[in-house]
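This report concerns only the one structure given below.
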Protein chains: 2
Amino acid sequence: MREVFQQELTEVQERLVRIADLVAESIDKATTAFNSSDVTLAESVIADDHLIDELASSLDELAIDILARQQPVARDLRIVVSALRISASLERMGDLAEHIAQLARTRFPEKVVPKGLRPTFQELGRLDVEIARKLTRLLQSESTELAEEIRNDDDDVDELHLSVFDKVLGETWKGNAGDIVDATLASRYHERFADHAVSIAKKVQYLQTGDWVVAVGH
Amino acid sequence: MREVFQQELTEVQERLVRIADLVAESIDKATTAFNSSDVTLAESVIADDHLIDELASSLDELAIDILARQQPVARDLRIVVSALRISASLERMGDLAEHIAQLARTRFPEKVVPKGLRPTFQELGRLDVEIARKLTRLLQSESTELAEEIRNDDDDVDELHLSVFDKVLGETWKGNAGDIVDATLASRYHERFADHAVSIAKKVQYLQTGDWVVAVGH
């Protein structure tokens with residue numbers, strides 16, 4: 001019985017890693033599609049998002065089932081409770097990757113990224129992919145250093161996000177109204193993606209400390 | 001023991017209602033501040049958001065504590081699991097109300113809502129407040145009709161959200177780049193606020209049906 005239980009907890013963690021891996025793949029493709037106006041790649045991100053949704057829902061079901069059957073306590077309970085929150089964030093990160101891909105598809109064959117902002121969005125995309133990859137490793141290792149790195153990367157994303165507004169409001173800006181809408185939305189999606197990764201990193205911290213308020217606090 | 005447990009479950013539900021009530025108050029003030037450029041009101045929303053955050057964190061702690069001590073099953077377990085998800089959505093709705101208030105404050109003493117969009121944002125604000133009030137009643141009553149109404153109101157919000165883009169991209173639009181950024185972000189915040197309400201309504205549906213995938217499915 002005890003052995004089955006430990007196997008189930010391991011399965012919860014492995015499934016989280018698997019979903020995080022799909023999210024990393026999705027944001028990689030979405031930001032590539034966005035920056036290179038690759039409509040086929042954008043469509044594959046949009047078509048595959050339901051996989052992340054389904055895996056997240058099914059992980060929730062497993063977690064609820066474990067709570068009902070195994071009545072875990074202490075660290076075991078924290079693993080299950082965190083999984084319920086982490087799956088929601090991963091699912092949302094998948095949605096945000098999909099939104100980025102949708103912007104690329106809607107604008108195609110035109111380029112979605114206005115000229116003056118291409119280096120900024122290249123860097124935002126690179127950081128989001130980096131963060132997603134670190135997240136997968138964090139869920140495997142619970143490494144404090146990785147959690148810290150994710151927080152630092154998120155600070156860089158926030159700075160770039162603000163710089164997008166400086167650019168579109170600046171005197172040298174040459175884009176039209178559609179460019180401003182796209183840049184605003186795209187930048188917001190990139191920023192929220194990174195926020196969710198930080199939120200997941202806090203849940204991993206909770207696994208270690210058991211202190212919900214400190215780990216999750218705002 | 002059993003009686004204490006039932007009291008705790010009642011407390012979980014009452015605390016959710018209390019937080020939903022604060023969220024409704026917050027979005028009411030935020031949208032009023034936004035539409036009337038009332039910086040004092042905007043500041044009170046920003047100053048009070050931590051109350052929602054704290055109540056949500058403390059409710060999470062209670063829920064985790066109940067899972068550890070009472071090991072609930074069936075509907076009791078669903079109440080606790082849903083509470084963990086609903087509190088996260090309510091906390092986020094509070095953040096979105098705060099973001100709307102921040103836009104009003106940042107632009108003050110100028111008006112944040114560009115001229116051609118005032119009726120649209122009045123209506124978006126009215127709908128978000130209406131949805132938040134219905135949500136409070138839904139958490140008290142678990143009424144199927146209210147859940148349905150929230151979904152319909154959300155459809156109206158989505159339509160208005162899209163109409164904002166039609167306006168700023170239309171030929172009669174007279175706003176500047178800053179107006180477009182503000183309108184895009186504000187509209188997105190209003191839309192996400194309503195999305196979270198729908199997501200909570202789905203969790204209430206799960207309380208009744210016990211089917212996570214159908215109730216939460218995307």
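Numerical summary
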| read-out | value |
| --- | --- |
| Matching option when the condition is closer than 16 Å to residue A:89 by Cβ, among the β-branched types (Val, Ile, Thr), in a helix (DSSP H, G or I) and within 14 Å of another protein chain (Cβ to nearest Cβ), among A:150, A:131, A:200 | A:200 |
| Enumeration of residues in region B:73-84 that are at the interface with chain A (Cβ under 8 Å from one of its Cβ atoms) and open to solvent by less than 20 Å² (accessible area, probe 1.4 Å) | B:77, B:81, B:84 |
| Of residues in region B:54-70 being open to solvent by 40 Å² or more (accessible area, probe 1.4 Å) and more than 9 Å from chain A (Cβ to nearest Cβ), the one nearest to residue B:102 (Cα to Cα) | B:55 |
| Failed item, numbered, when residue A:113 is tested on (1) within 16 Å of the chain's Cα centre (by Cα); (2) closer than 22 Å to residue A:159 by Cβ; (3) crowded, with 20+ Cβ neighbours inside 10 Å | (1) |
| Region A:37-53, residues that are open to solvent by less than 60 Å² (accessible area, probe 1.4 Å) and over 16 Å from residue A:95 (Cα atoms) | A:37, A:38, A:39 |
| Residues of region A:165-177 satisfying the condition of being within 24 Å of residue B:163 (Cβ to Cβ) and either in contact (Cβ under 8 Å) with a residue 12 or more places away in the chain or more than 7 Å from chain B (Cβ to nearest Cβ) (or both) | A:165, A:168, A:175, A:176 |
| Hits in region B:54-105 - residues which are polar (S, T, N, Q) and modelled with pLDDT under 95 | B:70, B:71 |
| Pick from region B:4-44, criterion among the acidic types (Asp, Glu) and in a helix (DSSP H, G or I), ranking: nearest to residue B:99 (Cα to Cα) | B:43 |
| Count of region B:44-75 residues which are within 18 Å of residue B:13 (Cβ to Cβ), in contact with a helix residue (DSSP H, G or I) (Cβ under 6 Å, 6 or more places away or on another chain) and acidic (Asp, Glu) | 2 |
| Matching residues in region A:141-155 - criterion: being of a type in the set (Asp, Glu), more than 11 Å from residue A:204 (Cα to Cα) and open to solvent by less than 80 Å² (accessible area, probe 1.4 Å) | A:149, A:153, A:154 |
| Hey, residue A:88 facing chain B (nearest Cβ under 8 Å), under 15 Å from the mean Cα position of the chain (by Cα) and under 26 Å from residue B:64 (Cβ atoms) or not | yes |
| All positions within region A:96-128 that are in a loop (DSSP other than H, G, I, E, B) and more than 17 Å from residue A:42 (Cα to Cα) | A:114 |
| Answer from B:210, B:125, B:175 - the residue that is open to solvent by less than 30 Å² (accessible area, probe 1.4 Å) and modelled with pLDDT under 95 | B:175 |
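The values are calculated or read from the model by the stated rules, or taken from the named source; none is laboratory data. Being a predicted model, the structure only gives us computed values, none of them experimental. Cβ: placed from backbone, ideal geometry, glycine included. Neighbour counts: every protein chain shown. The protein model used for the area step is the full one, side chains on, heavy atoms only, and it has no ligands, DNA or RNA in it. Shrake-Rupley method; radii C 1.70, N 1.55, O 1.52, S 1.80 Å.
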